[in-house]
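Structure first, commentary second.
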Amino acid sequence: MKHSIVFFFLLCLLSPLFSDAFLNLPSNSRFPSVEAEKLIRELNLFPEKSINIADHDPLGLSLSDDDAKIVERPLKLSNLIDDSTVSVQDLGHHAGYYKIQHSHAARMFYFFFESRNSKEDPVVIWLTGGPGCSSELALFYENGPFSITNNLSLAWNEYGWDKVSNLLYVDQPVGTGFSYTTDRRDVRHDETGVSDDLYDFLQAFFTEHPEFVKNDFYITGESYAGHYIPAFAARVHRGNKAKEGLHINLKGFAIGNGLTDPAIQYGAYSDYALDMGLISKSDYSKINRFLPVCEAGIKLCGTDGKISCMASYLVCNAIFNSILARAGDVNYYDIRKKCVGNLCYDFSNLDKFLNQKSVRQALGVGDLEFVSCSPTVYQALLVDWMRNLEVGIPTLLEDGIKLLIYAGEYDLICNWLGNSRWVHAMQWSGQKEFVASPEVLFEVEGSKAGLLKNYGPLSFLKVHDAGHMVPMDQPKAALEMLKRWMEGSLAEKSTEAEKLISSM
């Protein structure tokens with residue numbers, strides 16, 4: 001508490017700096033509730049509810065009933081456009097709920113798609129960020145088996161990650177997507193709660209699907225999943241060591257354009273913005289005047305609890321918002337693009353498709369509304385935002401668990417520069433060798449798709465011609481990246497003769 005008082009005193013002393021920094025900002029742009037709504041509107045999403053917390057169980061399930069631990073069904077969507085030789089009935093597609101064992105009343109919704117190649121392929125779980133956005137965003141717009149067409153039917157995705165893995169998408173934290181609870185105590189505020197829920201989910205999943213428990217297992221995701229994933233990987237590893245339940249064959253984790261080490265990554269914002277021509281040198285100098293206060297707040301957040309974490313969120317996001325105020329209508333997920341009004345991407349078909357009665361019946365979600373992005377979940381995790389999740393990664397690397405950090409080069413909000421800096425700064429036994437390792441071309445089918453650094457279990461990939469959502473912008477390269485990384489051949493060239501063609 002003493003440190004928090006000192007921090008607020010420092011803020012008061014530096015208040016003229018903040019007045020100057022906020023000079024070009026809307027008066028309400030600093031408030032978390034506004035930021036949450038802004039995130040949702042920029043994707044053209046309009047969820048009817050802010051979070052799935054029900055007065056009674058919407059599926060009519062009993063919490064005391066052991067048989068209610070799983071509600072899963074084969075997934076058959078009648079409006080699938082099947083333009084391949086494989087019918088959906090031939091594939092193992094599932095959707096459903098697992099009761100989260102150590103929660104009060106939470107049930108976590110998921111999609112599971114068996115590999116189009118072999119059941120022996122690794123199991124890969126995908127987590128979307130936000131925080132508070134459903135993983136169905138990635139399923140239907142990035143790397144899932146299907147994409148949603150303009151007439152709200154489904155088309156096969158030629159570059160779906162289920163071509164090389166058995167693929168899981170989970171709506172989490174609880175209250176996101178179709179996941180729900182009847183008890184507000186299940187709303188999570190930190191990575192301990194988030195990772196414990198995910199660990200309970202995995203235990204339930206592999207208990208129901210023992211045929212996959214010996215497969216290699218990988219954790220993937222993007223954006224705020226840069227927080228989720230290291231905590232989740234550490235929780236699985238700890239559970240394995242303690243023999244808490246079923247052994248999960250964790251082999252690696254991958255983070256795309258993530259937020260992992262805020263102190264380093266917020267410090268990189270102005271450098272990236274200047275390098276990319278988004279701000280002037282004069283703007284750069286003004287913005288950097290209050291970087292020390294941001295860094296001090298983040299440091300206190302790691303030791304002094306909730307108040308300093310909230311304060312550092314407000315202070316540090318002033319850096320980002322100041323850049324946006326000067327950059328104009330740039331799309332901060334992909335600075336090559338412009339936002340029109342509040343709209344940066346149009347993902348509205350996701351809400352329309354999943355809230356159709358026929359689709360909800362196929363998924364077994366009853367009358368539950370789909371919450372594409374939850375502002376309530378977003379705000380609940382504000383005290384978690386500025387915490388450093390890099391701290392648990394070295395232990396995983398030392399135990400031989402692979403890590404891939406990849407980042408599209410045109411993303412501002414979780415830019416490649418900030419990610420590269422924290423990866424290079426991370427202290428582990430191979431740090432010196434990693435830093436000294438040369439950059440090599442990442443080539444896909446004869447085309448330059450990125451720049452790669454690698455040593456031992458650690459890899460960093462800067463992806464060319466991509467923004468925040470690499471699998472959407474460069475689907476072929478992203479699929480090849482996943483395949484070769486899991487095989488341990490990320491630096492090798494693919495042998496096919498075709499040129500890399502983006503599907504954007």
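As a summary of the residue check, Asp334 satisfies the conditions (1) open to solvent by less than 30 Å² (accessible area, probe 1.4 Å); (2) charged (D, E, K, R); (3) at pLDDT below 95 except for the one numbered (3).
For the stretch 278-301, give me each residue that is of a type in the set (Gly, Ala, Ser) and either open to solvent by 60 Å² or more (accessible area, probe 1.4 Å) or over 27 Å from the mean Cα position of the chain (by Cα) (or both). Of everything in the stretch 278-301, those that are of a type in the set (Gly, Ala, Ser) and either open to solvent by 60 Å² or more (accessible area, probe 1.4 Å) or over 27 Å from the mean Cα position of the chain (by Cα) (or both) turn out to be Ser280, Ser282, Ser285. Any residue at all in the stretch 319-328 that is open to solvent by 30 Å² or more (accessible area, probe 1.4 Å) and either under 30 Å from Leu152 (Cα atoms) or touching a residue at least 12 places away in the same chain (Cβ under 8 Å) (or both)? Yes: one or more hits. Of the residues that make up the stretch 202-222, is at least one in contact with a helix residue (DSSP H, G or I) (Cβ under 7 Å, 6 or more places away or on another chain), over 17 Å from Gly252 (Cβ atoms) and among the acidic types (Asp, Glu)? No; the residues of the stretch 202-222 include none that is in contact with a helix residue (DSSP H, G or I) (Cβ under 7 Å, 6 or more places away or on another chain), over 17 Å from Gly252 (Cβ atoms) and among the acidic types (Asp, Glu). The criterion of at least 1 residues that are surrounded by 24 or more Cβ atoms within 10 Å (Cβ to Cβ), of a type outside the set (A, V, I, L, M) and touching a strand residue (DSSP E or B) at 6+ places or on another chain (Cβ under 9 Å) is met, among strands (runs of 3 or more DSSP E) falling completely within the stretch 145-261, by 166-170, 217-223, 250-258.
When the stretch 355-389 is filtered for residues that are more than 20 Å from the chain's Cα centre (by Cα) and among the aliphatic types (A, V, I, L, M), the ones remaining, listed by number, are Val359, Ala362, Leu363, Val365, Leu368. For the stretch 265-284, the criterion of being farther than 26 Å from Gly467 by Cα and outside any helix (DSSP H, G or I) is satisfied by no residue at all.
Here Arg421 clears all of (1) open to solvent by less than 20 Å² (accessible area, probe 1.4 Å); (2) under 26 Å from Ile335 (Cα atoms) except the condition numbered (1).
With respect to being within 15 Å of Thr128 (Cα to Cα) and out of contact with any Leu (no Cβ under 7 Å at 6 or more places or on another chain), Gly226 falls outside the description.
Within the option set Glu136, Glu142, being under 22 Å from Asn257 (Cα atoms), open to solvent by 10 Å² or more (accessible area, probe 1.4 Å) and acidic (Asp, Glu) holds for one residue only, Glu142. Restricting attention to the stretch 474-497 and to residues that are farther than 22 Å from Glu120 by Cβ and of a type in the set (D, E, K, R), the residue that is modelled with the highest pLDDT turns out to be Lys476.
Going by the structure shown, is Lys462 surrounded by fewer than 23 Cβ atoms within 10 Å (Cβ to Cβ), in contact with a Ser or Thr (Cβ under 8 Å, 6 or more places away or on another chain) and farther than 23 Å from Gly129 by Cβ? Taking the combined requirement at face value, the residue does not satisfy it.
Residues that are in contact with a helix residue (DSSP H, G or I) (Cβ under 6 Å, 6 or more places away or on another chain) and open to solvent by 20 Å² or more (accessible area, probe 1.4 Å) within the stretch 470-493 comprise just one, Met472. For Leu168, the criteria (1) closer than 27 Å to Leu479 by Cβ; (2) in contact (Cβ under 8 Å) with a residue 60 or more places away in the chain hold in every case but one, which is (2).
Counting just the residues of the stretch 358-371 that are open to solvent by 20 Å² or more (accessible area, probe 1.4 Å) and touching an Asp or Glu at 6+ places or on another chain (Cβ under 9 Å), which one comes out farthest from Gly175 (Cα to Cα)? Out of the qualifying residues, it is Arg360.
The values are calculated or read from the model by the stated rules, or taken from the named source; none is laboratory data. Computed from a prediction, not measured in an experiment: that's the story for all the values here. Backbone-built Cβ (ideal geometry, glycine too); neighbour counts: all protein chains shown. Heads up: the accessible areas ignore ligands, DNA and RNA and are worked out on the full protein's heavy atoms, side chains in. Shrake-Rupley method; radii C 1.70, N 1.55, O 1.52, S 1.80 Å.
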